[in-house]
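Presented below is the structure to which this report refers.
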Amino acid sequence: MPSDPGFAAGLTVGISTLGARADGIVLPPPEPSVFYDILVQRPGAASSLEGLYADLCAGRDDVRVLPLDGQGVAASRNAALDAARTPYLLFGDDDVTLDLAGVRRLWAVLRDDPALAVVTGRRTGPVPARYAGQGHSLRLWNTAKTATPEILLRVAPVRAAGVRFDTGFGIGAPHPLGDEYVFLADALKAGLKGRFEPIAIGDHPDDSTGTDWSDPVLLRARLAVLRRVFGPLAGPMRLAFALKNRHRLKDAYGGTVGGVLGFALGRVPDSR
């Protein structure tokens, strides 16, 4: 593994992966000031760490492979935030193909505005309709559809504010979605400023977990996210959320009215 050159400037892409999925990671060619941390949970399930070092790090001092204990994608994101050696960090996934030209454009938005701590971009592939929108400031009510590999942040203010991913949320956690929304909500509540720009920074070929509206486990997770983010205001927010997503809730609850009422009351249908 290459020695740590102690980078003082640039952008780290912290790519979270799990077990044998690490074997499929393909990195872009090296570019100045862009570095990669590959965070591997369950490293024993990969073909071999030596093989990963050989495949990903050979001839490159811009790549580190970091085996992690524990589980859960939120824990991996926290490890990426702790390990970053540069002032800027972009979260990545092992199945996202990066568009480095787009990454640099989004990075420039953050660099050019010292008041910003976080910027979010967009993916291509199966993505929510909000990506047709214009750039805007991040608020609690407009960040819920953000995916973690769309989050690029300034490391120092996020660390200073003590903002972390809540390990109760996300894949591998009791509530297997919403980790990125909870993270952004905590950042905004801590006084950090963020902005969305409709800049494509990578392609994700598959639907995300959040597209499934029929699984009772995911419905409970959505309710838990609203409680976590809005606290005493979770009730009104459940109603607003249910009205906005009434067509998605229809099948799970056996009808549009039942879906709105059931979700607003915090009820989840039995597993089918």
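Below, the figures for the structure above:
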| read-out | value |
| --- | --- |
| Test for Gly70: is it within 23 Å of Leu177 (Cα to Cα), open to solvent by 30 Å² or more (accessible area, probe 1.4 Å) and not polar (S, T, N, Q) | yes |
| Lone unmet requirement of (1) touching a residue at least 60 places away in the same chain (Cβ under 8 Å); (2) out of contact with any strand residue (DSSP E or B) (no Cβ under 6 Å at 6 or more places or on another chain); (3) open to solvent by less than 50 Å² (accessible area, probe 1.4 Å); (4) farther than 17 Å from Arg42 by Cα for Leu89 | (2) |
| Output for the range 96-113, where each listed residue is over 21 Å from Thr17 (Cα atoms) and open to solvent by less than 10 Å² (accessible area, probe 1.4 Å) | Gly102, Leu106, Leu110 |
| Test: residue in the range 179-188 that is farther than 16 Å from Asp82 by Cβ, under 14 Å from the mean Cα position of the chain (by Cα) and not in a helix (DSSP H, G or I) | no |
| Residues that are surrounded by 15 or more Cβ atoms within 10 Å (Cβ to Cβ) and either over 14 Å from His175 (Cα atoms) or of a type in the set (A, V, I, L, M, F, W, C) (or both), drawn from the range 215-238 | Leu218, Leu219, Ala221, Leu223, Ala224, Val225, Leu226, Val229, Phe230, Ala234, Met237, Arg238 |
| The range 20-60: number of residues that are closer than 16 Å to Asp93 by Cβ and of a type in the set (Phe, Trp, Tyr) | 1 |
| Enumeration of residues in the range 220-272 that are of a type in the set (Lys, Arg) and part of a helix (DSSP H, G or I) | Arg220, Arg222, Arg227, Arg228, Arg238, Lys244, Arg246, Arg248, Lys250 |
| Any chance Leu116 is crowded, with 22+ Cβ neighbours inside 10 Å and not hydroxyl-bearing (Ser, Thr, Tyr) | no |
| Yes/no for Val182 being open to solvent by less than 60 Å² (accessible area, probe 1.4 Å), of a type in the set (A, V, I, L, M, F, W, C) and touching an Asp or Glu at 6+ places or on another chain (Cβ under 6 Å) | yes |
| Hey, Thr143 open to solvent by less than 20 Å² (accessible area, probe 1.4 Å), under 26 Å from Leu106 (Cα atoms) and of a type in the set (Ser, Thr, Tyr) or not | yes |
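The rows are residues; the columns are (1) within 22 Å of the chain's Cα centre (by Cα); (2) aromatic (Phe, Trp, Tyr); (3) modelled with pLDDT under 90.
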| residue | (1), (2), (3) |
| --- | --- |
| Ala224 | yes, no, no |
| Val229 | yes, no, no |
| Leu233 | no, no, no |
| Arg238 | no, no, no |
| Leu243 | no, no, no |
| Asp251 | no, no, yes |
| Val257 | no, no, yes |
| Ser271 | no, no, yes |
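The values are calculated or read from the model by the stated rules, or taken from the named source; none is laboratory data. Computed from a prediction, not measured in an experiment: that's the story for all the values here. Cβ atoms come from the backbone with ideal geometry, glycine included; neighbour counts cover every protein chain shown. Heads up: the accessible areas ignore ligands, DNA and RNA and are worked out on the full protein's heavy atoms, side chains in. Shrake-Rupley method; radii C 1.70, N 1.55, O 1.52, S 1.80 Å.
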